[in-house]
Number of protein chains: 2
Amino acid sequence: MGRRAADIVREGLEQLILTGELADGAHLDEVRLATRFDVSRTPLREALQALSASGLVELIPNRGAFVRNPGIQEMVEMFEVMAELEGMCGRLAARRVSETALAEIDGAAARCEDALAQGDSDEYYRRNERFHQLLYAASGNGFLAKEALRLQKRLQPYRRMQLRVRGRMPQSMAEHREILDAIRAGDATRAERALRAHVAVQGEKFNDLLASLGPVA
Amino acid sequence: MGRRAADIVREGLEQLILTGELADGAHLDEVRLATRFDVSRTPLREALQALSASGLVELIPNRGAFVRNPGIQEMVEMFEVMAELEGMCGRLAARRVSETALAEIDGAAARCEDALAQGDSDEYYRRNERFHQLLYAASGNGFLAKEALRLQKRLQPYRRMQLRVRGRMPQSMAEHREILDAIRAGDATRAERALRAHVAVQGEKFNDLLASLGPVA
DNA sequence: CGACATCAAATTGTATACAAATTTATTGAC
DNA sequence: GTCAATAAATTTGTATACAATTTGATGTCG
C-alpha cells in the first residue's frame, strides 16, 4: 500500500490527531515532527498537505499547519451529509443495480451475519464497511461512489465506536436486511429512506455514545 | 489570495488542463513543467498534489502525475451529486434559515435580476454563484456548506458554459425566485425539489450544450 | 524468433541548503 | 509602565543535490 515515507508519516499523524495526542488547534512544527518521524521536512510537508485535503489539518500560508479535529458539532454535520449521500446511493442502486452486483451485496451481507453470529465486532466492522462500499458502486455513479468512499474513510474512527454500543450490532444487521430487501425489490424510495436512517442514527446517537465513554480517547 | 508560487502554478496547471492544452491522460513531466513555470520542482509537486486532491490529476506512486479530465459521463455524474447536495441545502435552509440570512439571500437574488436586466452574463454568473453560496451557508450545516462549495468550484468551468445557452439565463432567474419563495415559506420539500431541479437541469442538458459548441475547448 | 536477465537513462522521492516571511525579544521614547 | 519601532530568532517556502525506483534498450539463451 503506502511504502512511501510521506504516506507512512501521513498515517502516523492521522493516528496522533485521532488519539488526541495532538490536540485540536495545536500548531504542527515541521522540524519537530520531521525529527520525530525521522524523515526530512519534504515528505512531512507532503503529509500535511494530504491531511489538509482530507480536513484533519488546516494549512495557513506562511504560518503553518494546525490540527483541526472536528468537535461533536461538526461530526454530527458530517454524518448528516453522509446519510444523504448513502441515501442517494440506495435510491440509485435500487434502480440501476445489476444482477451480479446484487449477488455480491447479498454475499457481503451474509458475511456480516457470520461475523455477528460470532460476536466479532472488529470483523463485523470490516465487512460492514465492504457492504456499504458495494452499495456505493452499485449506484452506477462513479463520482458519487468516490465521494462516499472518501467520507466513509473520514468518518471511520468515529463509526468504529458505534458498534461498541450495546445492541447496536444486531440492529445494524437488521437494517442491512431492510436495505437489501428494498434494493432487491427495486423500491428506490424505501432504499433511500432505509439507508439514510441507517447512517443518520449514528450521528444522532453520538452524544449518548460520548457520554457513555467519557472524554474522547 | 495566492501569492505563493505553488498556488500560482496550481492555477496555471488548472487552466492548461481545462483548456485542453494538457490532454486527458497526458503524463505531467515535473522538470518540464517546472522550467515552463520557472519554478523548482518543489512548488510544482505541491501544485500537483493539490490538483490530485481536487480530482483533476491522478497521482501514481513512483510513476508520476497524469491528467484526469472528466469526460461527459463523469461530468453528468458530478452534476447529479451536486443536485443532491444543493437540494439538501435547500431542505435544511427552509427549516433553519435566519431572518437576516434570508434578507441576504434576497439581496443576492435581486443583484442577479439586475445583471439579467443588463444582459451581462459574466456578472450574472458571479452573482448567481454568490446566491448559491449563501444558500449553502443557510443550511446551518458548516460541513455541508464546505463540501458544496468545493464541488461548485470543481464544476465552475462547465457551469459557466451553461449560461450561454439561449434562454437559460431568464429561466435560471425564474428558478431562483421559486427557490427563494419556497425557503421563505419554510417549505422544505419544495425548496429541495426546486434546487435539485435547478442544478440537475444543467447536467441533463449538457449533451445538448456540447453538441451546439463542438469539441470541448 | 521470443522470453528473460542486465544495465543505462530518465524520472520520481527524499534530504539538505538557502531565501523570505513571521514571530519574538529588545530598545527607546513618552 | 505602555506602546512603537526595530532587530534577532524562529519558521515556512523554495531551490538544489542526492538516492531510489522505474523505463527502455541491449544482449543472451532457449
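The values are calculated or read from the model by the stated rules, or taken from the named source; none is laboratory data. Keep in mind the model is a prediction, meaning the values are calculated, not measured. Virtual Cβ from ideal backbone geometry, glycine too; neighbours counted across all protein chains shown. With ligands, DNA and RNA removed, areas are computed over all heavy atoms of the protein, side chains included. Shrake-Rupley method; radii C 1.70, N 1.55, O 1.52, S 1.80 Å.
Listing for the model above:
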item	result
Axis-nearest residue of B (beta carbon) for the B-onto-A rotation, whole Å	B:ALA53, 2
Area accessible to solvent at A:LYS153, 1.4 Å probe radius, in Å²	130
Heavy-atom accessible area per residue - the protein assembly as shown, 1.4 Å, Å²	49
Per-residue average of Cβ from other chains inside 10 Å of A:58-70	1
Nm distances between copies for B:ALA117, ranked from closest, using label points 7 Å along Cα→Cβ	7.2
Label point 7 Å beyond Cα along the C-beta direction, distances from B:GLU74 to other copies (nm, shortest first)	2.7
Lysine pairs in the protein assembly as shown with Cα atoms under 24 Å, if 8 or more residues apart or on separate chains	8
Principal axes of region B:5-67: Cα extent on each, largest first, Å	27, 24, 20
Kyte-Doolittle at least 0.0, axis length at least 30 Å by Cα - qualifying DSSP helices, chain B	B:72-96
Surface share of carbon and sulfur [accessible, 1.4 angstrom probe, percent] for region B:14-156	48
Of A:ALA191, A:ALA83, A:ALA65, the one that fluctuates the most in a GNM where chain A has Cα springs shorter than 10 Å	A:ALA65
Across the identical copies, how the B:ALA197 labels are spaced - nm, sorted shortest first, 7 Å along Cα→Cβ	2.9
In Å, descending, principal axis extents of the Cα set of the protein assembly as shown	68, 53, 46
Ranked order, A:GLU113, B:GLU147, B:GLU104 - accessible area, probe 1.4 Å, largest first	B:GLU104, A:GLU113, B:GLU147
Two-decimal Rg to Rh for region B:29-99 - Kirkwood Rh, Cα set	1.23
Dimensions (Å) - chain A, Cα atoms, principal axes, largest first	57, 37, 30
Separation of alpha-carbon centers, region B:66-126 and region A:12-52, rounded to whole Å	36
Accessible surface buried upon A-B contact (total; probe 1.4 Å; Å², nearest 100)	2400
